[in-house]
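Step one of this worksheet: look at the structure below.
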Amino acid sequence: MLGWLFCLASTVTTAASLNGFELEGSLIPEEQILSGGPPRDGIPSIDRPRFVDADQDDFLQPESPVIGLSLAGESRAYPISILNWHELVNDRFGDQPVLISYCPLCGTAIVFDARLDGAPVEFGVSGLLYNSDLLLYDRQSESLWSQITGEAVTGARKGQRLTLLPSTLTSWQRWRQQHPETRLLSTDTGFRRDYQRSPYGDYERNGRLYFPVEFLSQRYHPKERVLGVQVGNAYKAYPFVELAKRDDESPLIDELGGQKLRIEYDIQSRSGQVFDQQQRELPVINSFWFAWYGFHPDTDIWRADSTN
């Protein structure tokens, strides 16, 4: 999150409020809620998304990453090159409001059901971080929400959780092959940004973190991509560097939280999906290793040399 150069000069201070958000009584330590640089909505969410047909794409490469979402008989792709600048898209599939979120600092692509207590909710970028991950806020109550946990950590909705929806972080080519009728988020966002340029440089490849994280692990490169899965209170990470060691090209069958899982993945695009025994797709969090571990230090890890 917060990729412009001036954002790197963050103010690490403890305060009763930041960016106009009251922090007193937060479910997370107030001193770990940091300003990333821009003010509230300094990174503007896309609230009126426009889409084009896949064959009208004129700026993506086949390997360009997108968040793919299929819902209510429709498929849409949201380019990371756009989300790097906006982080949130408030969208609707028919009567279903959804929130597409992406934190560039954590590499986390997460889609939420944007309803609370049966009513649609709209979200914005707070300009604040926790564990290097974006804190979003809902515009109705101004509560702050952790993107990775989906939980409100301050405000009137403190303790409530958003429902994750299955989505896929994958390449544009792979998503388009699987969903030829997909629509694509247009660069006609209403904002002037250079969507051909990443504001983060080589951040995805280097080993640097811009902000402190409570828990760190040296087991893998901090930016190694993993599929993070939760079943009940059990968590497991499937690092792509480990999955690449498998000789078998068939889906991986594993067990977590007493459930058998089928993990389908593509090494080249660093994408994957997880299904339960009833063949239902489960939500997964495709993220950098440091981000998954930072929120789930007790996570299990699938390794190619294990007996799984």
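The values are calculated or read from the model by the stated rules, or taken from the named source; none is laboratory data. Just so it is clear, the model here is predicted, and its values are computed rather than measured. FYI the Cβ positions are ideal-geometry reconstructions off the backbone, even for glycines, and counts take in every protein chain you see. Surface areas here come from the heavy atoms of the whole protein model, side chains and all, with no ligands, DNA or RNA. Shrake-Rupley method; radii C 1.70, N 1.55, O 1.52, S 1.80 Å.
Gly272 meets all of the listed conditions (1) open to solvent by less than 30 Å² (accessible area, probe 1.4 Å); (2) not in a strand (DSSP E or B) but one, namely (2). Of Glu181, Glu142, all but one fail to be among the charged types (D, E, K, R), on the phi > 0 side of the Ramachandran plot and over 20 Å from the mean Cα position of the chain (by Cα); the exception is Glu142. Annotation: of all residues in the stretch 197-223 being farther than 17 Å from Ile67 by Cα and of a type in the set (S, T, N, Q), the one that is farthest from the chain's Cα centre (by Cα) is Gln218. Close contacts from the stretch 28-52, counting a first residue that is assigned by the TED database to the domain that holds Ser75 and a second that is modelled with pLDDT of 95 or more and in a helix (DSSP H, G or I), with Cβ to Cβ under 8 Å and a gap of 6+ residues or different chains, come to Ile43/Trp85; Ile43/His86; Pro44/His86; Ser45/His86; Ile46/Ile82; Ile46/His86.
State yes or no: is Ala237 of a type in the set (A, V, I, L, M), crowded, with 17+ Cβ neighbours inside 10 Å and either in contact with a helix residue (DSSP H, G or I) (Cβ under 8 Å, 6 or more places away or on another chain) or over 25 Å from Ser35 (Cβ atoms) (or both)? Yes, satisfied. For the stretch 231-250, a residue qualifies if it is in a loop (DSSP other than H, G, I, E, B) and over 15 Å from Asp300 (Cβ atoms), and the qualifying residues are Ala244, Lys245, Arg246, Asp247, Asp248, Glu249, Ser250.
Reported count of residues in the stretch 176-215, each being surrounded by 12 or more Cβ atoms within 10 Å (Cβ to Cβ) and basic (Lys, Arg), is 3.
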